[in-house]
Amino acid sequence: MSQARLLFVHDHRFHSDGMCMHFTSGSFPASNWPRYLEHFDQVTVLARDGGTASDDRLACSDHAGVDFVLIEAPGPIERLGLRRGKAHCALRDQIAEADAVIARLPSDLGLKAAALAHEAGKPLLIEAVGCAYDSYANHGSLQARLYAPLAFLRMRAALARAPFALYVTNGWLQHRYPPGTQAATAGVSDVVIAPPSDAIRHLRVARLEELARGRPPVLGTVGSLRTAAKGFHVMFEALA
């Protein structure tokens, strides 16, 4: 019996150590993949090559049944669909071998995968995990701001013709990037929060008591510092 194979596509940068080990800055640890392996025997992750893993704070992404195809980020010409480059060829070959495709948007590789899966007649699910316009408009670079309106239209078009769509909001993304009239959709959270242990609960109570006695609070974040989209500059201005 042949194994069911899923192709998962996103712009995330995975790092490798040169010995078939793959690492992530946090978005895709090994614990992320069982949700897909419940329905497929093999998952191939096609994403960006982040280079050598040089930070020991990275999380391991390797999992049994999961393999990685890491490619260079497409350049501006290929991103706009004006030329077929390495990303197009890699996606075309992987989609031909896959039984189904998941494209996580917003992402340039995800948009290209959605279009090629549609052409190949492969089952396609789009995971809408953010707003393309907001991501690019608040990226921090002029090039990204100029690309934001086009990214918005491309993501709308991809969702409009996807047969399956998963949104991480109850209604906001669905309104901004509406699915097709025949699409099967669901709204779920992509956040997994493990229930705290008794020890952690006791530590939280102790911390709250310290704050009530006047200890200055310590602020933390798990947001990426790679772009300005997370709005840290706004937070610092507000705190000031």
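The values are calculated or read from the model by the stated rules, or taken from the named source; none is laboratory data. On a predicted model such as this, the values are computed, not experimentally measured, just so you know. Neighbour counts are summed over all protein chains in view; Cβ atoms, including those assigned to glycine, are modelled from backbone coordinates with ideal geometry. What goes into the accessible areas is simple: the full protein's heavy atoms, side chains included, and nothing from ligands, DNA or RNA. Shrake-Rupley method; radii C 1.70, N 1.55, O 1.52, S 1.80 Å.
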C-alpha long axis of helix 86-97 to longest principal axis of the chain, angle in °: 80
Nothing charged except the Cβ atoms of Lys and Arg (+1) and of Asp and Glu (-1): what's the magnitude of the dipole of the chain about its Cα centre? Round to the nearest 20 debye. 760
With contacts defined as alpha carbon pairs under 8 Å and 6 or more residues apart, what's the relative contact order of the chain in percent? 15
What does the C-alpha gyration tensor say about the overall shape of segment 11-159? Classify as rounded when a/c is under 1.5, otherwise prolate if a/b is larger than b/c, or oblate. oblate
Which three lengths, in whole Å and largest first, does segment 168-240 cover when its Cα atoms are put on their principal axes? 57, 35, 21
Which of rounded, prolate, oblate describes segment 1-94, given a ≥ b ≥ c as roots of the alpha-carbon gyration tensor eigenvalues and a/c under 1.5 marking rounded, otherwise prolate only if a/b is larger than b/c? oblate
Looking at the chain, identify the longest residue range that excludes and avoids all GluC sites (Glu not before Pro) in DSSP loops having at most 12 other Cβ atoms within 10 Å. 73-240
Does anyone have the angle between helix 198-212 and the longest principal axis of the chain? Alpha-carbon axes, 0 to 90°, nearest 10? 60
To make sure I understand the rule: partners must be aspartates and glutamates, Cα under 12 Å from the Cα of K122, and not fewer than 8 residues away in the same chain. Which ones qualify? E97, D99
Once amide hydrogens are built 1.01 Å from N within the peptide plane, the residues lying 5 or more places from A4 or on another chain with amide H under 5 Å from its amide H are D41, Q42
Give the accessible surface of segment 15-151 per residue, rounded to a whole number of Å², with probe radius 1.4 Å and ligands, DNA and RNA excluded. 49
Apply the Karplus curve 6.51 cos²θ - 1.76 cosθ + 1.60, θ = phi - 60°, to the phi angles in segment 132-139 and return the couplings in whole Hz, x for Gly and Pro. 4, 5, 4, 4, 7, 5, 9, 5
Solvent-accessible area, 1.4 Å probe, carbon plus sulfur percent, for segment 6-55: 49
Built amide H within the under 5 Å cut-off of H12, gap 5+: R48
Radius, Kirkwood style, for segment 117-170 when every pair of distinct Cα atoms is counted (Å): 12.2
For A183 and H88 in one chain, what is 0.36 nm times their gap in residues minus the Cα-Cα distance, to one decimal in nm? 31.6 nm
Tell me, rounded to the nearest percent, the portion of alpha carbon pairs in segment 93-240 spaced more than 26 Å apart. 45
Could you order I200, I193, I126 so the one with the most accessible surface comes first? Probe is 1.4 Å. I193, I200, I126
What does DSSP give for the chain in terms of the percent of beta bridges that are antiparallel, rounded to the nearest 5? 10
If each DSSP helix of 4+ residues adds -39,500 (n - 2.57) and the sum is divided by the residues in the chain, what number results at 222 nm, nearest 500 deg cm²/dmol? -10500 deg cm²/dmol
